[in-house]
Amino acid sequence: MTDFYDMIEEPVRDLVRLLRDNGYNTEDSCGHEGYIQIGYVLDGNSLQELHRLIWTHLHERGEPVSFDITMEHFVRDGHMAGTLLNVWLLPSGLAGSRPWPKELVERRERFKKLRAEEIKIRRGLHDKVSQRVHEARMKVGFIQEAPE
């Protein structure tokens with residue numbers, strides 16, 4: 001039987017496991033893009049705890065302790081519809097780079113397009129959501145077909 005975590009790409013697999021083990025609801029991740037998406041409930045200390053967990057994880061592995069946490073907060077018809085946190089692991093050598101290297105700017109722009117496509121899809125949930133999300137990722141260039 002396949003372990004759930006075997007389906008998660010390296011290098012984010014261990015961090016996803018750590019976050020889930022500590023009560024964070026990871027909803028999506030991508031190893032080669034270096035991000036983890038977390039469904040978030042605002043409770044005051046949670047962001048500081050998330051920072052501590054990620055910092056400790058990277059430090060103990062001897063990896064660069066360079067990451068960003070971005071937040072998206074959604075309100076629909078006057079009601080809070082959800083909050084997502086996105087953890088972006090910065091590639092080695094890019095820590096502290098300002099302005100951001102073109103690679104990171106392009107990556108985040110692709111992610112914004114992906115989020116917009118996913119929001120459209122989720123409004124009309126149906127049996128083909130997973131397929132349509134995959135197609136949206138392909139459409140905006142967030143993922144590419146594997147070479148044959």
Between GLN48 and GLU9, what is 0.36 nm times their sequence separation minus the Cα-Cα distance? Round to one decimal in nm. 11.5 nm
Relative contact order %, the stretch 1-95, counting alpha carbon pairs below 8 Å whose residues are six or more apart: 24 percent
For the stretch 1-95, what ratio Rg/Rh do Cα atoms give with a Kirkwood hydrodynamic radius? 0.99
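Read the figures in this text as sums done on the coordinates, not as results from a lab. In this text the structure is predicted, and so the values were computed from the model without any measurement.
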